[in-house]
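Contents: one structure, followed by commentary.
The values are calculated or read from the model by the stated rules, or taken from the named source; none is laboratory data. Small disclaimer: the values here were computed from a predicted structure and weren't measured. Note that each Cβ is placed from the backbone with ideal geometry, even for glycine, and that neighbours are counted across all protein chains shown. Calculation scope for accessible area: heavy atoms of the full protein, side chains included, ligands and nucleic acids excluded. Shrake-Rupley method; radii C 1.70, N 1.55, O 1.52, S 1.80 Å.
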Amino acid sequence: MNKPFSQACENNKAPILAQLQRIFKNTEQVLEIGSGTGQHAAYFAPRLPHLLWQTSDLPANHDGIELWLQEAQCDTLLPPLSLDIGEPWPVSQPDGMFTANTLHIVSEALVEAFFAGVSEHLPVHGQLCIYGPFKYQGQFTSASNAQFDAMLKQRDPRSGIREQQWLVALAKQAGLTLIDDVAMPANNQLLHFERTKR
């Protein structure tokens, strides 16, 4: 098979890396939740050589991720775990977690399950980064994001761009504090949380 490819991953990988180098500077192991094509992992891990990068996704995506990992030839890049955010997570306690472009393609129930998983497995002082488009006070940050949301809902009514305030509230319930909300290219944001209490 050919390596899967996402143009969005290519477009935004360098700006995301610049944030991760700052946020994960003292992190030892990152769990990437929903590695997708594997492009992000193959780009980030060699440039964050002080940490282990653990990929994960549904089994259907593993072959594609493995192709990117083989090309990267990086000792700190780990093969994908089978992880369904609605089921028990097969991990221990990574001190960093990252997810990109995932919370708008799953249901609200799975977004809640995501934060339950983070609450169970991310230790105090662990760092969580969530990248993607968000709404603020019910408003999209751009016309293109509104169009994207409509397309998502047409494909799956349970999906859609999430309200940032709702995500922050779920995070707070999980013992996380919002540290930073960074504007990123193409009308995306990077939300940086720290686990501050159990």
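In terms of overall dimensions, the C-alpha atoms belonging to the chain reach 43, 41, 31 Å along their principal axes, ordered largest to smallest. The HN-Hα couplings worked out from phi for the range 149-157 by the Karplus form 6.51 cos²θ - 1.76 cosθ + 1.60 (θ = phi - 60°) are 4, 4, 5, 4, 5, 5, 6, 8, x Hz, whole numbers, x standing for Gly and Pro.
Other residues with beta-carbon under 11 Å from the beta-carbon of PHE44 carry, at +1 per Lys or Arg and -1 per Asp or Glu, a net charge of +1.
For the range 1-60 and the range 91-131, what is the separation of their Cα centres, given in Å? Using only Cα atoms, the two centres lie 15 Å from each other.
Calculate, for GLU163 and LYS3, the FRET efficiency according to 1/(1 + (r/R0)^6) with r their C-beta to C-beta distance and R0 45 Å; round to the nearest 0.05. Could the numbers behind the result be given before it?
On the way: r = 34 Å, r/R0 = 0.76.
With a Förster radius of 45 Å, E is 0.85.
Can you order the peptides 167-178, 140-151 by their average number of other Cβ atoms within 10 Å per residue, highest first?
Numbers: 167-178: 17.6, 140-151: 14.2.
Packing proxy ranking, top to bottom: 167-178, 140-151.
Taking 7 Å steps out from each Cα toward its Cβ at GLN70 and ILE105 produces label points 2.2 nm apart. Excluding ligands, DNA and RNA, the accessible surface per residue across the chain is 47 Å² with a 1.4 Å probe.
Compute the length gained on full extension between ASN26 and ARG155: take 0.36 nm times their separation in residues and subtract their Cα-Cα distance, giving the result in nm to one decimal. Present the calculation step by step, with values, prior to reporting the outcome.
Working: separation 129, 0.36 × 129 = 46.44 nm, distance 3.98 nm.
Taking ASN26 through ARG155 to full extension adds about 42.5 nm, to one decimal.
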